[in-house]
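I have placed the structure first, in the form of structure tokens, so that the comments after it can refer back to it.
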Amino acid sequence: MEIDFSRILKKNKGLFLAYDQGLEHGPADFNLTNCDPGYILEIGRKAKFNAVILQKGTAEKYYEPYSHDIPLILKLNGKTRIPNIEPISSQICSVKYAVKLGAAAIGYTIYDGSGMEPEIFKDFGRIQEEAHDFGLPVVAWLYPRGKFIQNENSTELMAYSCRVGLELGADILKIRYNGDAKGFGWAAKCAGKAKVFVAGGFKTGEQELLNMTSDVMNAGAGGLAVGRNVWQHGEPLKIAAALKDIIFEGKTPEQAMKRIKQ
Ligand code: FBP
């Protein structure tokens, strides 16, 4: 079956709003406002993100009223930051159930290089085929982690993660950017026809975020899947508009900054 990207990408590009941090990091990322999934979905709707990324539980309880306004990327696996074990993110939702919840794509975290890699790859192989049978794009978080990884931010591993994602059959690869624009260009080449998206990371300064977005877009990224830098921002709609200016309109960080200052 043909993979349908039309619900989550515009001109082959996208800006996704990530909100799975409650499980991954715990409520330490939240305050009284952004701990409410309804607040995040309102940002997603008003700022016209291309998709929101949720876990099963938040999608079940909050997504339905927004289902006509913002496409859903449902994360099928997850873990907390608590156990000190080799990284593995367990599957907690099936592709079939994701479809039932209205997902336009599914998300899956792969810790490439982890001692649990054989199990992770086996599970991913299965869900990738199931998702493609429904025509759903597969978004893979590719994070090199675990006791065998010496420097998870190396350029070599950034490119290796991209190649792993391509060869495992992911359609969109969500990786961390290490600040090396030339290396990112090589990583994007290694991803072949898979699209490379960049995670936002810890909340940084606006200028830094816009510069990063511009650098990766110029180096071949397909967009951003960002969370904290938007929903921890005092003016999430303005920061989203600035990111869209760079991703979809090719504006410079300086031009995009006007969105925030206006
Ligand atoms: P942020 O933009 O907030 O960094 O979110 C991106 C993301 O990939 C989330 O989807 C995920 O919950 C989190 O980062 C995982 O980050 P890590 O494994 O580095 O703690």
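The values are calculated or read from the model by the stated rules, or taken from the named source; none is laboratory data. Note that the structure is predicted; figures quoted are calculated from it, not measured. Reconstructed Cβ throughout: ideal geometry from the backbone, glycine too, with neighbour counts over all protein chains shown. What goes into the accessible areas is simple: the full protein's heavy atoms, side chains included, and nothing from ligands, DNA or RNA. Shrake-Rupley method; radii C 1.70, N 1.55, O 1.52, S 1.80 Å.
For A51, the residues whose modelled amide H falls within less than 5 Å of its own, excluding neighbours fewer than 5 places apart on the same chain, are L15, L17.
Report the normalised scattering of segment 1-137 as log10 I(q)/I(0) at q = 0.12 Å⁻¹, calculated by the Debye formula with identical scatterers on the alpha carbons. Each listed q corresponds, in turn, to -0.49. Near the amide H of W141, within less than 5 Å, lie the amide hydrogens of Y108, T109, I110, K174, all on another chain or at least 5 residues away, with H placed in the peptide plane.
Each principal axis of segment 191-262 carries a Cα extent, and these read 38, 23, 16 Å when sorted largest first.
For segment 14-261, a simple Cβ point-charge model (Lys and Arg +1, Asp and Glu -1, everything else neutral) yields a dipole of about 360 debye relative to the Cα centre.
Using 0.36 nm per residue of separation minus the Cα-Cα distance, give me the extension gain between K122 and N153 in nm, one decimal.
8.6 nm is the gain from fully extending K122 to N153.
Shown in residue order for segment 211-220 are the 3J(HN,Hα) couplings computed by the Karplus curve 6.51 cos²θ - 1.76 cosθ + 1.60 at θ = phi - 60°: 4, 4, 4, 5, 4, 6, 5, 5, 9, x Hz (x for Gly and Pro).
Take every Cα pair under 8 Å whose residues are at least 6 apart in sequence, average their separation, divide by the length of the chain, and the relative contact order is 17 percent. Computed over protein heavy atoms with a 1.4 Å probe, the carbon and sulfur contribution to the accessible area of segment 70-215 reaches 52%. Dividing the summed helix terms, -39500 (n - 2.57) for each DSSP H run of n ≥ 4, by the number of residues in the chain produces a 222 nm estimate of -11500 deg cm²/dmol to the nearest 500. Counting only heavy atoms of the protein chains and using a 1.4 Å probe, K10 has close to 100 Å² of accessible surface.
Which entries of K147/K203; K10/K79; K79/K100; K100/K251 show an alpha-carbon separation above 29 angstrom in the structure shown? Provide the component values of the computation, followed by the final result.
Working: K147/K203 27 Å; K10/K79 31 Å; K79/K100 23 Å; K100/K251 38 Å.
From K147/K203; K10/K79; K79/K100; K100/K251, over 29 Å: K10/K79; K100/K251.
Simple spin-label estimate for K48 and I85 gives 4.5 nm between the two label positions (7 Å along the Cα-to-Cβ direction from each Cα). Remark: the Cα gyration tensor places segment 13-52 in the oblate category, a/c being 1.5 or greater and a/b not exceeding b/c. So if each residue of separation counts as 0.36 nm, and I subtract the Cα-Cα distance between N12 and E235, what length gain in nm does that give? Length gained, N12 through E235: 77.6 nm.
Classify the chain from the C-alpha gyration tensor, please: rounded if a/c falls under 1.5, else prolate or oblate depending on whether a/b exceeds b/c. Here the chain falls in the rounded category.
Using the per-residue mean of other Cβ atoms lying within 10 Å as a proxy for protection, in what order, highest first, do the peptides 157-164, 86-93, 183-190, 115-122 fall?
With the highest mean Cβ count within 10 Å placed first, the list reads 157-164, 183-190, 86-93, 115-122.
Surface analysis of the chain yields an accessible area of 46 Å² per residue, using protein heavy atoms and a 1.4 Å probe.
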